Structures are given as structure tokens and as C-alpha cells.
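Trainee: Pasting a structure below so you can have a look.
Please treat every number below as a calculation from the coordinates, not as lab data. Being a predicted model, the structure only gives us computed values, none of them experimental. Virtual Cβ from ideal backbone geometry, glycine too; neighbours counted across all protein chains shown.
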Amino acid sequence: MIKEWIKTYHERQRSVEEAISKIQSNSNIILSSFCSEPQTLVEELVRQKDRLQDVTIYNNIIGSPCVYAAAECFPNLQIRTFLGSPLLKVAYQNQACDYIPINLSEIPRFIDRENVDVAFIQVSPPNEKGYCNLGISVDFAQSLIRRAKYVIAEVNSKMPFTYGDTLVHVEDIDSIVLTSRPLLSIKSGEPTDIEVKIGEFVSELIPDKATIQVGLGSLGDSIIRSLNSKNGLGVHSGSITDAVIDLVDKGVITNEHKAIDRGKMVCTTLTGTEQVYRYAHMNPLIELHPVDYTHNGSTLAKLDKFHAINSALEIDLTGQINAEQIGLYPIAGVGGQMDFIRGAQLSKGGKSIIALPSTAKKGTQSRIKATVSHVTSLKSDVHYVVTEFGIASLFGKSIKERAKELLVVTHPDFREQLKYELRKI
């Protein structure tokens with residue numbers, strides 16, 4: 001006798017055209033995040049845009065080409081994003097995009113109170129018990145599946161099977177679209193000399209047996225590589241990248257000293273290339289969990305020596321951090337920065353570290369300024385700021401002491417001007 005779930009699985013299979021045709025005007029659609037954004041579904045939504053009016057797409061961009069942000073998609077498709085990106089510039093210019101500044105840990109709470117019409121998710125084919133797998137990104141997908149009136153799953157044969165809170169039963173999916181296509185990926189470039197130097201300074205702050213969280217990008221990967229002489233590190237992060245796997249292979253990351261999730265690397269998403277996706281497939285050493293676990297202060301407080309290492313667009317002489325916007329439009333977002341900074345404060349022996357190059361625009365602008373245009377993280381929450389010129393220790397320092405510390409790690413070309421600004425503080 002055929003298992004009931006197998007019957008359901010076949011009955012709910014649709015062509016992508018049919019699955020998307022059920023979406024009506026004035027709908028809210030929330031997409032799975034990061035490199036798990038289901039491309040077959042969003043491409044078809046764009047193809048059907050002309051029959052739709054006032055459809056709002058909620059997204060969390062890392063790795064996505066944002067095909068729904070092209071000029072021809074407006075005004076039919078509107079965007080509300082949890083994470084700004086230069087790819088959304090045209091949408092902002094067309095007044096078709098708005099940014100929601102929210103801590104990543106609180107997006108499930110946001111979803112619980114919203115009227116969610118449609119969920120776009122991407123999963124693996126089901127196992128023998130009828131459970132598909134969220135694979136490379138859990139983020140807030142479980143909350144989304146519970147709340148959405150209509151759940152469309154892109155069932156991708158190339159999605160790895162990962163451990164953690166990753167299972168979705170076929171009974172919880174309304175329309176199933178079968179695909180077999182490469183997953184979105186991000187390949188980190190070679191670090192610059194400046195990024196290598198920043199990584200070396202950051203490594204001075206990381207003790208053996210610490211648990212680390214490191215932000216994304218080539219600077220983040222450079223920082224991870226700088227830790228190759230450490231021993232017994234653990235990982236509890238928003239994302240795991242290829243660079244992390246390299247340290248596991250070298251025996252640097254063992255996770256054996258973590259008070260919780262001992263022996264396991266924990267994250268909410270995998271953000272890299274096929275290397276990390278293949279490594280995570282059926283690997284019990286990696287667990288993916290929702291952001292209200294991975295980024296929750298009560299979770300992070302249980303990790304001794306938790307070191308949160310993030311970046312910024314600019315910082316002012318008091319220690320205020322701008323990680324979201326320079327100019328007219330957001331190019332990044334709050335993300336998990338404040339979640340992890342606060343977690344480091346709650347951790348016994350923890351540190352919150354902001355690492356950034358001292359200059360921008362090929363050395364013509366200082367990233368350390370008298371004031372910042374937007375504030376993402378508060379001066380009271382940051383322990384250390386690191387540039388290629390060294391480490392500024394801010395914890396417990398007065399405003400003037402902080403400014404002096406930050407002047408030391410400012411590029412020499414801008415120190416005199418900032419010293420003049422310092423007199424005004």
C-alpha cells in the first residue's frame with residue numbers, strides 16, 4: 001500500500017506556471033533567505049508580473065541576483081527588505097523598495113504578527129518518512145511555513161540534507177515545483193593586504209577555546225584564515241563559509257569546549273560554494289537552526305568566551321557604528337550584528353569586535369569620522385575596533401579616551417583633521 005505522504009507529494013506537484021498562477025494581486029510574499037532564495041519561483045513570478053498589481057515581496061538578500069528588482073517589475077512588484085543591497089538601487093529610485101531595520105533574531109516574531117499570504121521556500125526531495133530538508137538555510141523558514149496561507153516549495157534535487165531544525169513535511173507544503181539546478185553561491189575573493197593585516201590584529205584578541213561568530217565577505221574570510229594557529233575553537237555563527245571548513249580540516253575548529261551544542265558547528269545559513277554545501281550534506285558536525293535560536297541572547301549567554309566579529313561602513317570618534325547606509329539608500333542592514341554584539345556582552349569572557357579598513361573609495365575617505373550618518377550599533381556595545389593600523393580598546397573608556405584610541409587606528413592621512421574635530425567633543 002502506498003504511503004499517504006507519497007500520494008500527497010505527487011498530488012501537490014505543479015508546474016511552476018500553475019503554482020505561481022494561484023498568487024493574486026495585493027498579496028504579500030515572503031522569500032526564504034540568503035542563498036536559499038528559490039530562483040525558479042521568483043523567475044516565474046517576474047514572468048507573470050503583468051497580471052499582478054501591488055504584490056509585495058519581503059526578502060533578505062545575500063547571494064540573490066534580485067531578478068524582481070529590475071525596473072520593468074515596477075509598480076507591479078514592490079519590495080520590502082530586511083537587508084539592503086546595491087542591487088536594490090533601481091527599486092529605491094522607483095520608490096518601489098523600503099527597508100525594514102530589524103534584528104535578525106526578531107524576524108520570526110515579525111512574521112508571527114504579519115498577514116503572510118504566500119511563502120516561497122526551497123527544500124530537498126523528501127526522505128523515506130516524507131520530510132523535505134531546508135538544506136543550506138533555515139533562517140525564519142519554519143515560522144514562515146507555519147504562518148503562510150499558501151506555501152510553495154521549490155524541491156531542488158541539488159539541495160543538501162543538513163541536520164538541526166531543518167525538516168519540512170510534504171503535508172505542510174501546498175504546491176511542489178520540482179527542479180534540479182545549482183544553488184546560489186558566493187565565492188570569496190582573495191583578501192587584500194589590508195584585510196590580511198586586519199585579520200592578524202583580530203587574531204590577537206581571540207584566545208584558544210573561544211567560540212567565534214564572524215561576518216560575511218572577504219574581510220570575514222581573511223579573519224577566519226588568520227586564526228589557523230589557534231586551538232580548540234568553536235563556531236556559533238549566522239553563517240558558515242568555505243573558510244570555516246578549511247579550519248575544521250586543519251584541526252583548529254573542534255567545537256569540543258562549547259558548553260552547549262558541544263562538538264557541533266551551529267549556524268542558520270551556509271553561505272559559500274559547493275565546497276561547504278557538500279561538506280554539510282548528511283554531516284552531523286553541522287547544525288542549522290532558526291534565527292530565534294542562533295541569534296538569541298539566552299542562547300549566546302551559555303557560550304563562554306563568545307567572540308562576535310563584525311564589520312561596518314563607518315565609525316565615529318565616540319564608537320557609534322554605521323553598518324547600513326552611506327548615501328541615499330541602504331547597502332547593508334542591521335542583520336545579526338546587534339544580536340551577536342549583545343550576546344558577546346552576556347558571555348563570560350566574551351568580546352564584541354568591529355573590524356574594518358581605515359579608508360574607503362581607494363583611500364580618499366576615512367571610515368573613522370567625527371560623526372556617522374546612521375547608527376546601527378551603539379557606542380556602549382562595542383568593546384574593540386580593529387583596522388589595519390591596530391586595535392582600539394573602547395570598553396570602559398570615556399568619550400575623549402575613546403576618540404584617542406580611535407585616532408591611533410585611523411589612517412595617517414586623516415588624523416590631523418580628526419584631531420581638530422576631537423577638540424569639539
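Trainee: Report ³J(HN,Hα) in whole Hz for each residue of the range 92-101, in order, from the Karplus equation J = 6.51 cos²θ - 1.76 cosθ + 1.60 where θ = phi - 60°; Gly and Pro get x.
Mentor: 4, 4, 8, 6, 10, 9, 9, 10, 9, x
Trainee: Would you mind pulling out the separation of the Cα centroids of the range 122-199 and the range 224-283, in Å?
Mentor: 18
Trainee: So for the pair Asn26, Lys187, with labels modelled 7 Å out along Cα→Cβ, what separation do we get in nm?
Mentor: Output for this residue pair reads 4.7 nm.
Trainee: Can you pull the one-decimal nm distance between simple spin-label points at Lys302 and Asn94, each 7 Å off the Cα toward Cβ?
Mentor: 4.6
Trainee: Which residue, Tyr131, Thr294, Ala370, has the largest displacement toward the positive end of the dipole of the chain when charges sit on each Cβ (Lys, Arg +1; Asp, Glu -1)?
Mentor: Ala370
Trainee: Where the only charges are on Cβ atoms (+1 Lys, Arg; -1 Asp, Glu), what is the dipole of the range 213-299 about its Cα centre, to the nearest 20 debye?
Mentor: Around 220 debye, computed over the range 213-299.
Trainee: Among residues other than Asn231 whose Cβ falls under 9 Å from its Cβ, what is the net charge (Lys/Arg +1, Asp/Glu -1)?
Mentor: The answer is +1.
Trainee: Compute, for the range 4-179, the length of the dipole vector about the Cα centre, with Cβ point charges of +1 (Lys, Arg) and -1 (Asp, Glu) only. Units Debye, rounded to 20.
Mentor: On the way: 16 positive and 22 negative charges, 26 e Å.
Computed about the Cα centre, the dipole is about 120 debye.
Trainee: Mind checking the range 282-375 for trypsin sites (Lys or Arg not before Pro) that DSSP puts in a loop (not H, G, I, E or B) and that have at most 15 other Cβ atoms within 10 Å?
Mentor: Here the sparse-neighbourhood loop sites are Lys348, Lys361, Lys362.
Trainee: Okay, which of the range 337-374 sit inside 13 Å, backbone N to the point 7 Å along the Cα-Cβ direction of Glu200?
Mentor: Inside the label zone: nothing.
Trainee: What is the local net charge at Arg12, summed over the other residues whose Cβ is closer than 14 Å to its Cβ (Lys, Arg +1; Asp, Glu -1)? Intermediate values should be presented prior to the final figure.
Mentor: Numbers: positive: Lys7, Arg14, Lys22; negative: Glu4, Glu11, Glu18, Glu154, Glu171, Asp172, Asp174.
Result for the local shell: -4.
Trainee: Only Cα pairs under 8 Å and at least 6 apart count here; give the relative contact order of the chain as a rounded whole percent.
Mentor: 14
Trainee: Taking the Cβ of Asp208 as the centre, find all other residues whose Cβ is under 13 Å away and add up their charges (Lys, Arg: +1; Asp, Glu: -1). Don't skip to the answer; put the middle values down first.
Mentor: On the way: positive: Lys209, Lys230, Lys305; negative: Glu204, Glu256, Asp304.
After counting each charged neighbour, the total is 0.
Trainee: Report the gain in length on full extension from Asn127 to Leu178: 0.36 nm times residue separation, minus Cα-Cα distance, nm rounded to one decimal.
Mentor: Gain in length upon complete extension: 16.9 nm.
Trainee: The range 39-146: which GluC sites (Glu not before Pro) are DSSP loop and have at most 11 other beta-carbon atoms within 10 angstrom?
Mentor: Glu128
Trainee: Dipole of the range 371-425 (Lys/Arg Cβ +1, Asp/Glu Cβ -1, origin at the Cα centre): which of Ile399, His411, Thr387 lies farthest to the positive side?
Mentor: Of the candidates, Ile399 comes out farthest on the positive side.
Trainee: Which distance in Å, rounded to a whole number, links the C-alpha centroids of the range 5-47 and the range 54-116?
Mentor: With the range 5-47 and the range 54-116 each reduced to a Cα centre, they are spaced 17 Å.
Trainee: Can you give the charge dipole size of the chain about its Cα centre, rounded to the nearest 20 debye, using +1 on the beta carbon of Lys and Arg and -1 on the beta carbon of Asp and Glu?
Mentor: 940
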